[in-house]
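A.B. asks: This is the structure, below, for whatever I ask next.
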Amino acid sequence: TSSIFAAVEMAPRDPILGLNEAFNADARETKVNLGVGVYYDDNGKIPLLNAVKAAEKARLESMPPRGYQPIEGPSAYAQAVQALLFGKDSALLANGQVITAEALGGTGALKIGADFLKRLNPDATVYISDPSWENHRALFEFAGFKVENYPYYDAATRGVDFAAMKACLGGLPAGSIVVLHACCHNPTGADLTDAQWQEVVGLCRDGGLVPFLDMAYQGFADGIEPDAVAVRHFAASGLQFFVSSSFSKSFSLYGERIGALSIVTAAREESARVLSQLKRVIRTNYSNPPIHGAAVVAAVLSSPELRQMWEDELAGMRDRIRAMRTGLVEALKAEGVSQDFSFVIKQRGMFSYTGLTAEQVERLRTEFGIYAVSTGRICLAALNSRNLAYVARAIAKVVA
Ligand code: PLP
């Protein structure tokens, strides 16, 4: 008798995790992994923030019991998330127009949002940027949606092809779901300007589109408040919209799986109905969320002292990435590279679309043990004072 799994085919390897496996198997001591989406400190280590340590120490000392959490997570956590996204004096918050559920990272927030939307509007098409975070398409497809791209990146200017993006969004059928990177676009590092966000809000309003903002890097471009610009423009618009947010990067809590889904409704009474349905989605997926990450984040954000500590540490991560951007551009110049790489300084967040070709990326790996995504995306946060010169020399060789 044959196995019930006889017809199961091998799924394609995750491109980024596959890169990590190859990197780990590489015996060269000089190897560098620029393929990851993780912040490393100057010693090449994932930091455990002091603010997090302090909150964890207090939790450990109080030894709290581990009962089930509410389906949507604790309200102290929801309030902390809402203040970061919308600003603590937001009229939407005062009006009860925002519901927030703890989620398993930004990915979990996207997934419960997608499941909720599938029940609300099963025939909608989801539009994601071209290119986008590599999991967006599969996530919405697995939730049952058809997924299409809207134009975004322009390789010639290394910025956003805003005219093409506008033309596309302006022609979408009402009810289409548009996934927007709120800041620090992954993978390109190219963000919309303040004025462009206002135009996107107008297009969503005029076209009856459903905006789904994905905010995975708040604080990594210019700071907590300035990085919320997209959310704030949508908040001021009177539209209903979704925001997935994540503390994986900003709290360096990757493995704790801590994020949130926030939904803006038209009124308090509507919020209650929407939350009741979102809770069904959560209940049937994983019942209720884990305790630890939410407790740590809420403790840090509600203590003035820990919050200040966190903001300083977040600024430290942001500044180090910026220093690596400038450092890489200068080092490439010093290596005699004639091609202009100054765009790397303008790109925002953890990543840069370097314009390196798949062949050049391949040469970096085989000749130098430097791993990057074949699209030319590199993670600036994986550079440090010890590997920067080596990486610049290698890039200079492959672009020569
Ligand atoms: N959205 C974007 C654009 C991302 O880059 C990431 C992480 O790389 C996520 C969502 C998911 O983050 P998390 O690890 O919190 O699930």
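A.B. asks: Scan the range 1-18 and report the pairs whose first residue is in a helix (DSSP H, G or I) and whose second residue is among the hydrophobic types (A, V, I, L, M, F, W, C), with Cβ atoms within less than 8 Å and a gap of 6+ or a chain change.
C.D. replies: These pairs meet every condition: P15/V373; I16/V36; I16/V373.
A.B. asks: Now for a separate question. So E269 passes all but one of these: (1) free of Cβ contacts under 8 Å to residues at least 12 places away in the same chain; (2) in a loop (DSSP other than H, G, I, E, B). Which condition number does it fail?
C.D. replies: (2)
A.B. asks: Can I ask one more? Residues that are crowded, with 22+ Cβ neighbours inside 10 Å, in contact with an Asp or Glu (Cβ under 7 Å, 6 or more places away or on another chain), touching a residue at least 40 places away in the same chain (Cβ under 8 Å) and not in a strand (DSSP E or B): does the range 348-358 have at least one?
C.D. replies: The answer is yes, given that some residue of the range 348-358 is crowded, with 22+ Cβ neighbours inside 10 Å, in contact with an Asp or Glu (Cβ under 7 Å, 6 or more places away or on another chain), touching a residue at least 40 places away in the same chain (Cβ under 8 Å) and not in a strand (DSSP E or B).
A.B. asks: May I ask you to list the residues in the range 281-302 that are small (G, A, S), closer than 18 Å to Q82 by Cα and away from the ligand (no atom under 16 Å from the Cβ)?
C.D. replies: A295, A298, A299, S302
A.B. asks: Sort through A51, A58 and tell me the only one that's buried (at least 16 other Cβ atoms within 10 Å of the Cβ) and either within 16 Å of the ligand (Cβ to nearest atom) or modelled with pLDDT of 95 or more (or both).
C.D. replies: Going through A51, A58 in turn, the sole match is A51.
A.B. asks: State which residue is nearest to the ligand (Cβ to nearest atom) when the search covers only the range 127-164 and only residues that are under 27 Å from G18 (Cα atoms) and of a type in the set (V, I, T).
C.D. replies: Per the criteria, the residue is I128.
A.B. asks: Sticking with this structure for a sec: Kindly check whether there is at least one residue in the range 271-280 that is within 15 Å of the ligand (Cβ to nearest atom), among the small types (G, A, S) and either more than 30 Å from E56 (Cβ to Cβ) or within 22 Å of the chain's Cα centre (by Cα) (or both).
C.D. replies: Taking every residue of the range 271-280 in turn, none turns out to be within 15 Å of the ligand (Cβ to nearest atom), among the small types (G, A, S) and either more than 30 Å from E56 (Cβ to Cβ) or within 22 Å of the chain's Cα centre (by Cα) (or both).
A.B. asks: Given (1) aliphatic (A, V, I, L, M); (2) touching a residue at least 12 places away in the same chain (Cβ under 8 Å); (3) within 30 Å of V391 (Cα to Cα); (4) out of contact with any helix residue (DSSP H, G or I) (no Cβ under 9 Å at 6 or more places or on another chain), identify the lone condition not met by L49.
C.D. replies: Of the numbered conditions (1) aliphatic (A, V, I, L, M); (2) touching a residue at least 12 places away in the same chain (Cβ under 8 Å); (3) within 30 Å of V391 (Cα to Cα); (4) out of contact with any helix residue (DSSP H, G or I) (no Cβ under 9 Å at 6 or more places or on another chain), the odd one out for L49 is (4).
A.B. asks: Okay, moving on. For the range 93-186, please list each of the strands (runs of 3 or more DSSP E) lying entirely inside it that holds at least 2 residues being touching a residue at least 24 places away in the same chain (Cβ under 8 Å) and buried (at least 20 other Cβ atoms within 10 Å of the Cβ).
C.D. replies: 98-104, 125-130, 177-181
A.B. asks: Given (1) within 28 Å of P290 (Cβ to Cβ); (2) more than 24 Å from the chain's Cα centre (by Cα); (3) aliphatic (A, V, I, L, M); (4) in a loop (DSSP other than H, G, I, E, B), identify the lone condition not met by A27.
C.D. replies: Of the numbered conditions (1) within 28 Å of P290 (Cβ to Cβ); (2) more than 24 Å from the chain's Cα centre (by Cα); (3) aliphatic (A, V, I, L, M); (4) in a loop (DSSP other than H, G, I, E, B), the odd one out for A27 is (1).
A.B. asks: Also, quick follow-up: Determine which member of the set S250, S244 is out of contact with any strand residue (DSSP E or B) (no Cβ under 8 Å at 6 or more places or on another chain), within 12 Å of the ligand (Cβ to nearest atom) and among the polar types (S, T, N, Q).
C.D. replies: Working: S244 fails: out of contact with any strand residue (DSSP E or B) (no Cβ under 8 Å at 6 or more places or on another chain).
So the residue among S250, S244 that is out of contact with any strand residue (DSSP E or B) (no Cβ under 8 Å at 6 or more places or on another chain), within 12 Å of the ligand (Cβ to nearest atom) and among the polar types (S, T, N, Q) is S250.
A.B. asks: Among what's in the range 69-92 and is part of a helix (DSSP H, G or I), out of contact with any helix residue (DSSP H, G or I) (no Cβ under 6 Å at 6 or more places or on another chain) and more than 14 Å from the ligand (Cβ to nearest atom), pick the residue that is farthest from K249 (Cα to Cα).
C.D. replies: A91
The values are calculated or read from the model by the stated rules, or taken from the named source; none is laboratory data. From a predicted model like this one, the values you see are computed outputs, not experimental measurements. Cβ atoms come from the backbone with ideal geometry, glycine included; neighbour counts cover every protein chain shown.
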